[in-house]
Amino acid sequence: MNPQSTVDNAIEFRHAEFRLLGHGAILKNLSLHIRRGETLVLLGRSGSGKTTALKLINRLLEPSAGEIRVEGCSTLEWDPIRLRRRIGYVIQDAGLFPHFTVRRNVALVPNLEAWTEDRVKSRVEELLRMVGLDPGQFARRYPHELSGGQRQRVGVARALAADPPILLMDEPFGALDPLTRAEMQEEFLALQGRIEKTVVFVTHDVREALILGTRIALLEAGELVGIYAPQDFLGAREPIAAAYVAVFRADIVSLSSRNRGAS
Amino acid sequence: MSLFQFFLSHRDEILQSSAEHLWLVVISMLLAIAIGVPLGVLVTRKPWLAKPILGSASVAETIPSLALFGFLLPLPWLGARADRLAIVALTLYALLPIIRNTVAGIQATEPSIREAARAMGMTDRQILFRVELPLSLPVLLAGIRVAAVWTIGIATIAAAIGAGGLGEFIFRGLAMVDNNLILAGAIPAAVLAIAADLVIGLFEHRLRHAR
C-alpha cells in the first residue's frame, strides 16, 4: 500500500466489525479513512453504530474483525494508555469528575503525564481562556457549580489539555439548549480553524453535521451508507441521505409557511 | 447510693473500661476496613466472587455474638488471649457493612465518569484510587458508621470471655443484681455509640455536600 496514505490519514478503519454477544453485528465491515486535520462527522440515528465506531478509535472497544489504524498503527498494537492520552475525548454530559475542581479536571492528563506544576498551571489557564472561561473566575469551581454549557467547555478544555493530535466528540452539544448549542458550534468552528486537530464528531443532527463537518459519513444500522462533502449531502440521491435532507428541508419549509400564515 | 454518686466514685474505673472498650473497637474497625475495602473492590472487579464473599460475611453476621466468642475460644493462637479473640470476632462482625458499602459506592459511580476516566488514559489503578474510591467515600463512611455502632454494642459481650471493656460492669451487675453497676457499663457504651454515629455522620454529611 502507498505509504503516503498512511501519513495523510490520521485514522483508518479497515473492514472493521464489532459484534456483541446477543446483539449481533453493531458495526459491519466499516472501511473509512479520516484525513489529518479534517472534521469527519459520523451521522446516524441511535443504534446506527456511530458511537461504537468512535469508541473503536481509542480502544474503549476492540474490533471483532478487521482493524482500526491510528497514525499508521493498529489500535491493538498501541499500548491503550498511550493511545488514549494522544486522543482527546468529549462526551455528551462532559463526564467531568465531580470531586475535582475545574482546574484539576483540565489538568488531568498533564498530571498523569507528570508535567511540572508551572507548566500544568499555565496550560490550564491558556485552555480555559481558549474555551472562553476566565480562569480567575472558574478554575476553583466544582462541576456542579457550572451551567451545562460551561461544563461542556471544561470538557473540551480537558480533552485538549495535553495537545492530542486527535479529538473524538460524541454528541458533545446534544444536551445543551438550542442557543448555547449554536454558540458552542460557532466557537468550535473558530477553535478548529486555529488548532487544526483531526476531529471525529458523532451526531444525529443534520444541521450540526452540515455546519461542522469537512466530510459527513452517514451510518445506518451498522453500515456506512456513504461519505459526503456537506454541499453534496444536500443533493444526495441515496435514499437514506435523501431522507435526512428531506426532513431537514421540511422543517425549514413548514417553519417559513407558518411564519407567512402568522404575518 | 444514687447513680450519679456511683459514677462519681467509680469514675476512674469507668474511664479505664471505656478506654479499653474503645481500643477493642478501634483496632477491630481498622482491621475490618483494611480487609473489607479490598474485598469490596475485589467483588466489583470479579463479580463471581460476590456470592462467596458477601455470603460468608453475612453468615458471620448471623452467628450470635456470645456463640461466636465461644466457637473461637478453643482455637490455638486465637484462644490464647481474650482481647485478641475479641478483636477477631468484632472484625468479623464489622466486615459485612464495610464490604457491602464499598461495593455499593463503587457501583454507584456514574458510567460516564468511569468511561471518561478510561478514555483520558487512566490506568485501572488510577481510576480506582483517584475516581472510584474518592467518589464512594460517603457511602463507605455510612458503612463504617453502621459497623462502628454495632461493634461498640457487641464489644460489651467480649467481657464474657474476659476481654475487658464496659461489658465488665454489665456482667458484674447482672451477677450481683446491681442496677448501678449495669448502668455504669451500659450508659458509657450507649454514649460511645451515639458519639461514633454523630461524628462519622458529620464527616459523611460534609463529604456529600462538598460536591
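Let me know the mean shielding of A:84-93 by other chains, meaning the per-residue number of their Cβ atoms within 10 Å of its Cβ.
3
Peptides B:7-16, B:131-140, A:128-137: what's the order by average Cβ count within 10 Å, highest mean first? Write out the running numbers ahead of the final one.
Numbers: B:7-16: 12.7, B:131-140: 21.3, A:128-137: 15.4.
My ranking of the peptides, most packed first, is B:131-140, A:128-137, B:7-16.
List the relative contact order of the stretch A:88-189 as a percent without decimals, with contacts defined as Cα pairs under 8 Å and 6+ residues apart. Please report the intermediate quantities before stating the final value.
Numbers: 127 pairs, mean separation 46.4, N = 102.
Across the stretch A:88-189, relative contact order equals 45 percent.
Could you give each residue of the stretch B:131-137 its phi-based ³J(HN,Hα) in whole Hz, using Karplus coefficients 6.51, -1.76, 1.60 with θ = phi - 60°, and x for Gly or Pro?
10, 5, 5, x, 6, 8, 3
Kirkwood Rh over alpha-carbon pairs of the stretch B:157-211, then Stokes-Einstein at 10 °C and 1.306 mPa s: what D in µm² s⁻¹, rounded to an integer? Don't jump to the answer; show the numbers that get you there.
Working: Rh = 12.7 Å.
Once the numbers are plugged in, D ends up at 125 µm²/s.
Shape call for chain A from the C-alpha gyration tensor, a ≥ b ≥ c root eigenvalues: rounded (a/c under 1.5), prolate (a/b greater than b/c) or oblate?
On the way: a/c = 1.90, a/b = 1.14, b/c = 1.67.
Oblate, since a/c reaches 1.5 and b/c is not below a/b.
Taking neighbour counts of Cβ atoms within 10 Å as a proxy for exposure, in what order, fewest first, do A:R158, A:R104, A:R258 appear?
Details: A:R158 30, A:R104 19, A:R258 10.
If I rank by nearby Cβ atoms, fewest first, I get A:R258, A:R104, A:R158.
At 222 nm, what helix-only mean residue ellipticity would chain B give, in deg cm²/dmol to the nearest 500, using -39500 (n - 2.57) for each DSSP H run of four or more?
On the way: 10 runs with 165 residues, N = 211.
Counting only the DSSP helices, I get -26000 deg cm²/dmol.
Enter the Cα centre distance for the pair the stretch A:169-228 and the stretch B:23-74, rounded to the nearest angstrom.
So the two Cα centres are separated by 52 Å.
When a/c is below 1.5 the answer is rounded, else prolate if a/b is larger than b/c, else oblate, so apply that to the stretch A:170-263 with a ≥ b ≥ c taken from the square roots of the Cα gyration tensor eigenvalues.
Working: a/c = 2.00, a/b = 1.16, b/c = 1.72.
Taking the square roots of the gyration eigenvalues as a ≥ b ≥ c, the stretch A:170-263 is oblate.
Applying the Karplus parametrisation 6.51 cos²θ - 1.76 cosθ + 1.60 with θ = phi - 60° to the phi angles of the stretch B:67-82, what ³J(HN,Hα) value in whole Hz is obtained for each residue in order, glycine and proline being reported as x?
Coupling constants for the stretch B:67-82: 5, 4, 4, x, 4, 6, 3, x, 5, x, 6, 5, x, 5, 10, 5 Hz.
Classify the stretch A:1-85 from the C-alpha gyration tensor, please: rounded if a/c falls under 1.5, else prolate or oblate depending on whether a/b exceeds b/c.
Values: a/c = 1.71, a/b = 1.43, b/c = 1.20.
The shape class here is prolate.
So which helices of chain A fit the span-like rule, where a helix is a whole DSSP H run, its Cα atoms reach 24 Å or more along the axis, and its mean Kyte-Doolittle is at least -1.0? Numbers along the way, then the final one.
Numbers: long enough: A:178-195 (25 Å, -0.28); A:239-262 (33 Å, 0.53).
Helices meeting the span and hydropathy rule in chain A are A:178-195, A:239-262.
Using label points projected 7 Å from each Cα along Cα→Cβ, tell me how many nm separate A:H15 and A:S147, to one decimal.
In this crude spin-label approximation the distance works out to 5.1 nm.
Amide H neighbours of A:G226 under 5 Å, at least 5 residues apart or on other chains, H built in the peptide plane: list them.
Correct list: A:L218.
With respect to the cross-link table entries A:K28/A:K197; A:K55/A:K197; A:K28/A:K55, which display a Cα-Cα separation exceeding 24 Å? Walk me through the numbers on the way to the answer.
Numbers: A:K28/A:K197 27 Å; A:K55/A:K197 18 Å; A:K28/A:K55 15 Å.
From the list (A:K28/A:K197; A:K55/A:K197; A:K28/A:K55), the Cα-Cα distance tops 24 Å for A:K28/A:K197.
Semi-axes, largest first, in whole Å: what does sqrt of 5 times each Cα gyration tensor eigenvalue give for the stretch A:60-199? Each step should come with its number before you reach the end.
Working: eigenvalues 127, 70, 39 Å².
Computed over the stretch A:60-199, the values are 25, 19, 14 Å.
Evaluate the distance, in nm, between pseudo-label points positioned 7 Å from the Cα of B:R206 and of B:N179 along their respective Cα→Cβ axes.
4.1
In peptide B:107-115, how many Cβ atoms from other protein chains are near each Cβ within 10 Å, on average? Mind showing how you got there, number by number?
Working: counts 0, 0, 1, 3, 1, 6, 8, 1, 6.
Per residue, the average neighbour count from other chains is 3.
Please give the peptides A:182-191, A:82-91 ranked by average Cβ packing (other Cβ atoms within 10 Å per residue), highest first, as a rough proxy for protection. Show your work: numbers first, answer last.
Values: A:182-191: 15.6, A:82-91: 22.3.
In decreasing order of mean packing, A:182-191, A:82-91 become A:82-91, A:182-191.
State, to one decimal in nm, how far the label point of A:A229 lies from the label point of A:H204, with both points 7 Å from Cα in the Cβ direction.
Rounded to a tenth, the inter-label distance reads 3.0 nm.
Work out the mean other chain Cβ neighbour count within 10 Å for the residues of A:147-155 and drop it here as an integer.
On the way: counts 0, 0, 0, 0, 0, 0, 0, 0, 1.
Mean shielding count: 0.
Mean residue ellipticity at 222 nm from the helices of chain A, using -39,500 (n - 2.57) per DSSP H segment of n ≥ 4 over the full residue count, to the nearest 500 deg cm²/dmol? Please report the intermediate quantities before stating the final value.
Values: 12 runs with 114 residues, N = 263.
Calculated from helices alone, the mean residue ellipticity at 222 nm is -12500 deg cm²/dmol.
Take the alpha carbon atoms of the stretch B:85-128, find their center, do the same for the stretch B:148-211, and report the distance between the two centers in whole angstrom.
28
Who wins for biggest fluctuation among B:G165, B:G40, B:G173 in a Gaussian network model of chain B, springs between alpha carbons below 10 Å?
The residue with the greatest mean-square fluctuation here is B:G173.
Consider a paramagnetic label point 7 Å from the Cα of A:R119 along Cα→Cβ; state which residues of the stretch A:81-104 have an amide N under 19 Å from it.
Answer for this model: A:82-88, A:104.
Taking only Cα atoms, what is the 0 to 90° angle, nearest 10, from helix B:11-45's long axis to the longest principal axis of chain B?
Between helix and principal axis, roughly 20 degrees.
Which order, highest average first, do B:185-191, B:195-201 follow once you tally other Cβ atoms within 10 Å for each residue and take the mean per peptide?
On the way: B:185-191: 18.4, B:195-201: 14.7.
Result, highest mean first: B:185-191, B:195-201.
No value in this document is a laboratory result; all are computed from the given coordinates. What you see is a predicted model; the values in this text were computed from it and never measured. With ideal geometry, Cβ positions are generated from the backbone for all residues, glycine too; neighbour counts draw on all protein chains shown.
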